[in-house]
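Asks: Structure incoming, see below.
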Amino acid sequence: MVDIVIQLLPHILAALIYGALGFHFWNTRWREGEKQCVACPMQTWERVAIATALAIHAGGLYDALFADVGMRFSFSFALSLMMWLAVLIYWLESFMARMEGMQPMVLPLAAVCTATPVLFPHVHLVANASATGFKLHFLAAMLAYSLLTLSALHAIFMGFTESALHKRSLKRSLNSLPPLLTMEKLLFRMLTLGFILLTLTVGSGVFFSEALFGKPLTLDHKTLFAFASWSIFATLLVGRHAWGWRGKRALRWTLAGFALLILAYVGSRFVAEVILGRV
């Protein structure tokens, strides 16, 4: 029991830092006041604080997932790893593109997901985890999840901003945000990259299932949700290029695709591990 607590300490510490930073960014960016500015760039100490949380979180994940007996995993660690990658991508992207204003959404969610292994610490050994093909499949899947998570959060943020604009209730602090068209271009850039990675994940799972997982492909609910999510994102990107889909339609399709993607692995593993008690 003591060993488990020590193993989970980095997750607890990282979750606390993410949560504190989320509150800080809400208080200094979103909370209406004289000096608040949603699109104000991050200060050096804020970037360092996020990097520190990422480093602590990474150390905790590595110790928890990799052991002499092989790779261990579960739905809670999937959520934690997914949000670690999402925060890392967001942190790196913030040096190159204007992503200000999303910190109060990304960081609290990261805090919650980082804390899930504390509540659900049980893991299971992953078969064929040492195979190079599986490692590439796993990496593509986690990157796809992370990019599409950021896309969903960005879509929610855009929807909030667009709604305020249409109601003419745009607060002073939101006036410093980039134009909606600029935010939309960033959204579809993340969606396109996330979709490419999701295509690689689904394609490798379909065509190389036996080599990757040691068994033929089965059409279970996990596979069906993955196909449905892929189809929604494919339709959205085709609609964007062919018919110029944008605005609320694009946001709804993004959130629908993300919801099905979460159900594909995290949802199915949650049911199996927590509700049904299967490891």
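Asks: Run Ala111 past the list (1) over 22 Å from Leu197 (Cα atoms); (2) at pLDDT below 80; (3) in contact with a Leu (Cβ under 8 Å, 6 or more places away or on another chain); (4) surrounded by 16 or more Cβ atoms within 10 Å (Cβ to Cβ) and report the number of the one that doesn't hold.
Replies: Going through the list (1) over 22 Å from Leu197 (Cα atoms); (2) at pLDDT below 80; (3) in contact with a Leu (Cβ under 8 Å, 6 or more places away or on another chain); (4) surrounded by 16 or more Cβ atoms within 10 Å (Cβ to Cβ), Ala111 breaks only (2).
Asks: In the range 114-135, which residues are β-branched (Val, Ile, Thr) and either modelled with pLDDT of 80 or more or buried (at least 16 other Cβ atoms within 10 Å of the Cβ) (or both)?
Replies: Of the range 114-135, the ones β-branched (Val, Ile, Thr) are 114, 116, 118, 123, 126, 132.
Within the range 114-135, Thr114, Thr116, Val118, Val123, Val126 qualify.
Asks: Moving on to the next point. Checking Pro41 against (1) in contact with a helix residue (DSSP H, G or I) (Cβ under 8 Å, 6 or more places away or on another chain); (2) within 22 Å of Lys185 (Cβ to Cβ), only one condition comes out false. Which one?
Replies: The single condition Pro41 does not satisfy is (1).
Asks: Among Leu139, Leu143, Leu81, which is the only one that is under 23 Å from Leu200 (Cα atoms) and without any contact (Cβ under 8 Å) to a residue 12 or more places away in the chain? Give the derivation first.
Replies: Working: Leu143 fails: without any contact (Cβ under 8 Å) to a residue 12 or more places away in the chain; Leu81 fails: without any contact (Cβ under 8 Å) to a residue 12 or more places away in the chain.
Exactly one of Leu139, Leu143, Leu81 is under 23 Å from Leu200 (Cα atoms) and without any contact (Cβ under 8 Å) to a residue 12 or more places away in the chain, namely Leu139.
Asks: Select, from Gln43, Gln36, the only residue that is at pLDDT below 95, out of contact with any Lys or Arg (no Cβ under 8 Å at 6 or more places or on another chain) and polar (S, T, N, Q). I'd like the intermediate steps shown before the answer.
Replies: Values: Gln36 fails: out of contact with any Lys or Arg (no Cβ under 8 Å at 6 or more places or on another chain).
Within the list Gln43, Gln36, the selection yields Gln43.
Asks: Just give me the residues in the range 46-76 being crowded, with 17+ Cβ neighbours inside 10 Å and at pLDDT 95 or above, in sequence order. Step through it out loud before you land on a result.
Replies: The first filter runs over the range 46-76 and keeps only residues crowded, with 17+ Cβ neighbours inside 10 Å, leaving 49-50, 53-54, 56-57, 60-61, 64-65, 71, 73-76.
If the condition is that a residue be crowded, with 17+ Cβ neighbours inside 10 Å and at pLDDT 95 or above, then Ala49, Ile50, Ala53, Leu54, Ile56, His57 are the ones that fit.
Asks: Pairs, please: C-beta under 9 Å, at least 6 apart or cross-chain, first residue assigned by TED's automatic domain parsing to the domain that holds Ile232 and buried (at least 20 other Cβ atoms within 10 Å of the Cβ) and in the range 245-260, second of a type outside the set (A, V, I, L, M) and not in a helix (DSSP H, G or I)?
Replies: Trp253/Trp245
The values are calculated or read from the model by the stated rules, or taken from the named source; none is laboratory data. Bear in mind the structure is a predicted one, so any value in this text is a computation, not a measurement. All Cβ positions, even for glycine, are placed from backbone atoms using ideal geometry, and neighbour counts span all protein chains on display.
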